[in-house]
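The values are calculated or read from the model by the stated rules, or taken from the named source; none is laboratory data. Fair warning: this is a prediction, and the values are worked out from it, not measured in the lab. Note that each Cβ is placed from the backbone with ideal geometry, even for glycine, and that neighbours are counted across all protein chains shown. Side chains included, ligands, DNA and RNA excluded: accessible areas come from the protein's heavy atoms. Shrake-Rupley method; radii C 1.70, N 1.55, O 1.52, S 1.80 Å.
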Amino acid sequence: MADNTAAQPAIGAGRDVALTNGSEVAENQNGQAGGRQQAQPQQSTWQMIKGIAFRIFVFYMIMSFFRKSSAPSEDPAATTEDGKSVATSKMAINLFEKGMLMDLRIYISEQDRFTQFNDSSHLFWELTDLEYGDWVGGPNGDGSYTVSDFVDISEETMNNGSLYIHIYFTKSGYSPDPKQKGKYAKRYTVSMSKRLNRFKKRHFTKTKNLLTGATEASLEDIKRAEEEGPTQIISHWHPNLTINIVDDHTPWRRGSVPQPLDELVTFHVSGDYYPIVYINDYWNLNSDYMPINETTPRLPLSLTYTPISLFKLQFYAAQSMRNQWSMILGEGGEGDDDDEQDSLKRAMLETNPYLLALTFVVSIVHSVFEFLAFKNDIQFWNNRKSLEGLSVRSVFFGVFQSLIVLLYIMDNETNFVVKVSVFIGLLIEAWKITKVVNVKIDTVNPYLGFIPIRFEDKSSYTESSTKKYDMMAFKYLSWLLFPLLAIYSVYSIIYQEHKGWYSFVLNMLYGFLLTFGFIMMTPQLFINYKLKSVAHLPWRMLTYKALNTFIDDIFAFVIRMPMLYRIGCLRDDVIFVIYLYQRYIYPVDLKRVNEFGTTGEMHIEADSQTAAATDGAEPQAIAPPKSKEEKKKD
């Protein structure tokens, strides 16, 4: 067995190689990714983590439902070299024993299948006498080796061609070339290939100032958008890549390897399996990719070889499976959620591990609260019989707000899952309309001149003072809302670029709702103030939403996020604190009729009669609630 530091570098002539150990070379070259895109509100890191946690929960449930049977399956393709079938019930072992010496050769080629072993110009890196399972070798004693160099590319690669990396692990002294008789053994040759460049979509959005016609986009981008369309596929390059070989000797049975490892474990015809070689680019951030074009004839490349445990490999494999599920569920193709992935990776790299673990746990709790708030909101409106004390106009405004959001995301680049979720939210808001007003078909006098329906207020809304206070609240609110809308629209048309007047209206309304939408929560406060009661509110739903808002507040000042998002969390808290204050100052009115037509006094009287009946007294009939005329006489 060779010494732990016996591995020596052997590379092609004329290359300047730095054999070091440590972090990968960080070369952040900010090549412009395309034409100027429409400005969209950015999601905070906390929102990203909540979304990832919720998706992990959903993917786990889906995988649990569709999990394959653990029973071993016969593989007819498993045969020996002489054509005899192999029994798949045997427990397979790793073909590379612990401590076995091996050689590493890495080739760079434009072909997806490499055969030019005799051409030394393709050899990028060679390490000899590596010890399998060595965690203390290398320059810094952690088992890793690093090489940095430049790759010369052809004109075809500069014009959206492909460039591949081919990795070969062989037993020490053996060759990966099948033509080398006596030096090649398939049993001791492990190979892996991967395309180094990444094709990403570049979106061109033709925006301009609607008043002056000026735009910040370059003339080249405008011309390219007109010639090639709004979307262009461009090859990108990242200067860092990690080569992992898994140090694990778990006995597997062919056909029973659990997901997602079953896609990584390769079996030999003898029934045993090869060690897993994993090309790891998980920590390559989207912001570090640079476009490949005629100005980049030489590309920097830093490779790191290091062993990896099976536990850590499962984490990376799970992330790869998540990307596959994202494509299946219609969340977009490669690169569509790069910003979201970058935010999660930065949070994992920059956040304290204990705080990060707490964040994921709280994210799950946050998702549960969101579901409970949604469920109780549906139950509240479904069982509601009386509209006394509830703002009907706020329900109609909620439909308008959901419609604007849906039209906005339809006008911009958004994945399919978000569109479906917003559309479902719009349907739920529209369903609430049927609970607050009577909807009737009227072809004679259509609504707005073309919608053949008619809305009639329900008696519980008109007979009480709720309608008068609701109209009064929206009148006062309009005095504040319309001037703010006018100011925001002037700002948007002067200082922002838009695709057209339709996009301007949608962007202006969407931005206004994000900034001042919380004002629409105030009419309910006004109605509560006038009625001196909060008994009509859906307190369960409000409580769950308030808990989520308080969770957002805590992490808004712990995790890095935009200041506007922090202010948004604070303003929602102010509204709910006012709700709590109103609940405190307005005691329970036992004479008020609830949605079931009973009062608190009737329930108290019924309880007392039930207690009297158990003592032998004869129960008395419950008096119906008094009318308004009787109350006036009293």
Within the set 475/530; 432/468; 385/419; 312/545, which residue pairs have Cα atoms separated by over 26 Å? 385/419; 312/545
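Can you tell me how much longer the chain between residue 268 and residue 501 gets when fully stretched, taken as 0.36 nm per residue apart minus their C-alpha distance, in nm with one decimal?
77.5 nm
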What is the local net charge at residue 176, summed over the other residues whose Cβ is closer than 15 Å to its Cβ (Lys, Arg +1; Asp, Glu -1)? +4
Could I have the simple spin-label model distance between residue 410 and residue 159, label points 7 Å from Cα toward Cβ, reported in nm to one decimal? 4.1
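Nearest 0.05, what FRET efficiency do residue 135 and residue 468 give at R0 = 60 Å with Cβ-Cβ as r?
For residue 135 and residue 468, the calculated efficiency is 0.20.
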Nearest-0.05 FRET efficiency for residue 393 and residue 489 at R0 = 30 Å, using Cβ-Cβ distance, is 0.85
How long is the gain from residue 209 to residue 315 if the chain were fully straight, where each residue apart is worth 0.36 nm and the alpha carbon distance is subtracted? 33.5 nm
Cut-off 12 Å between beta-carbons: net charge of the residues surrounding residue 133, Lys and Arg +1, Asp and Glu -1: -4
Quick one: Karplus J couplings for the range 298-308, per residue in order, coefficients 6.51, -1.76, 1.60, θ = phi - 60°, nearest Hz, x for Gly and Pro? 10, 10, x, 9, 10, 10, 10, 9, 7, x, 9
Taking a crude spin-label model, label points 7 Å out from Cα along the C-beta direction, the residue 185 to residue 529 distance in nm is 8.6
Point-charge dipole on Cβ atoms (K/R +1, D/E -1) for the range 451-513, about Cα centre, debye to 20: 60
Segment residue 442-residue 481, extension gain: residue separation times 0.36 nm, minus the distance between their alpha carbons: 10.8 nm
If you count only protein heavy atoms and use a 1.4 Å probe, how large is the accessible surface of residue 187, to the nearest 10 Å²? 90
What spacing in nm lies between the two simple spin-label points modelled at residue 298 and residue 375, each 7 Å away from Cα in the Cβ direction? 6.3
Surface accessible to a 1.4 Å probe, residue 380 within the full protein complex, Å²: 40
Kirkwood Rh, Cα Rg: Rg to Rh for the range 191-309? 1.19
Using Cα-only point scatterers and the Debye equation, what is log10 of I(q)/I(0) for the range 396-452 at each q in 0.13, 0.29, 0.31 Å⁻¹, rounded to two decimals? -0.43, -1.09, -1.15
For residue 604 and residue 457, what does the FRET efficiency come to when R0 = 30 Å and r is the distance between their Cβ atoms, rounded to the nearest 0.05? 0.40
